[in-house]
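A quick write-up on the structure given underneath.
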Amino acid sequence: MHTIINSLQSNGSSRSAEVTPVESFRQPNYECQDQGDAIKLDVFVPGVTAAGVDIEARGPDLLITARKAHYVRVNWSTLHLESAQRDYRLRLRLGLAFDYPAMRAEIHEGILSVTLPKRDVVGSHPPLACVA
């Protein structure tokens with residue numbers, strides 16, 4: 001029986017390119033409340049400050065990205081905490097019946113509160129519920 005051993009020479013492709021990167025974001029928990037003329041989202045993002053929050057509307061979607069402040073400890077050693085220290089990203093399909101420019105947001109003790117007023121559009125469909 002013959003054994004074929006491949007050489008270790010590089011054929012121009014990088015081995016690291018074959019490995020898919022670990023997802024750098026995780027989806028946070030959230031609550032959605034209908035307040036009649038607006039909806040209120042409470043997004044749980046512990047370890048995030050106001051400087052790390054980015055909120056944008058892309059058509060009918062609301063995209064919230066919350067990045068933690070990453071500190072390197074003096075006595076750093078690997079503890080496999082990569083998944084626990086990932087940043088947060090939440091994408092919700094809310095629809096077009098909201099006034100995104102009038103949105104208000106505040107963060108306090110790891111809870112991001114976002115209030116989205118509803119638009120007054122006659123004959124439009126009711127806005128969608130919070131759908132991830």
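Where a number appears in this text, it was derived from the coordinates with a stated rule and is not lab data. This structure is a prediction, so every number in the text was calculated from the model and none was measured. As a convention, Cβ positions derive from the backbone with ideal geometry for all residues, glycine included, and neighbour counts pool all protein chains shown.
List of remarks:
- Hits in segment 102-120 (condition: in a loop (DSSP other than H, G, I, E, B) and among the charged types (D, E, K, R)): GLU109, ARG119, ASP120
- Residue count for segment 33-71 satisfying the condition of being closer than 19 Å to ARG86 by Cβ and not in a strand (DSSP E or B): 6.
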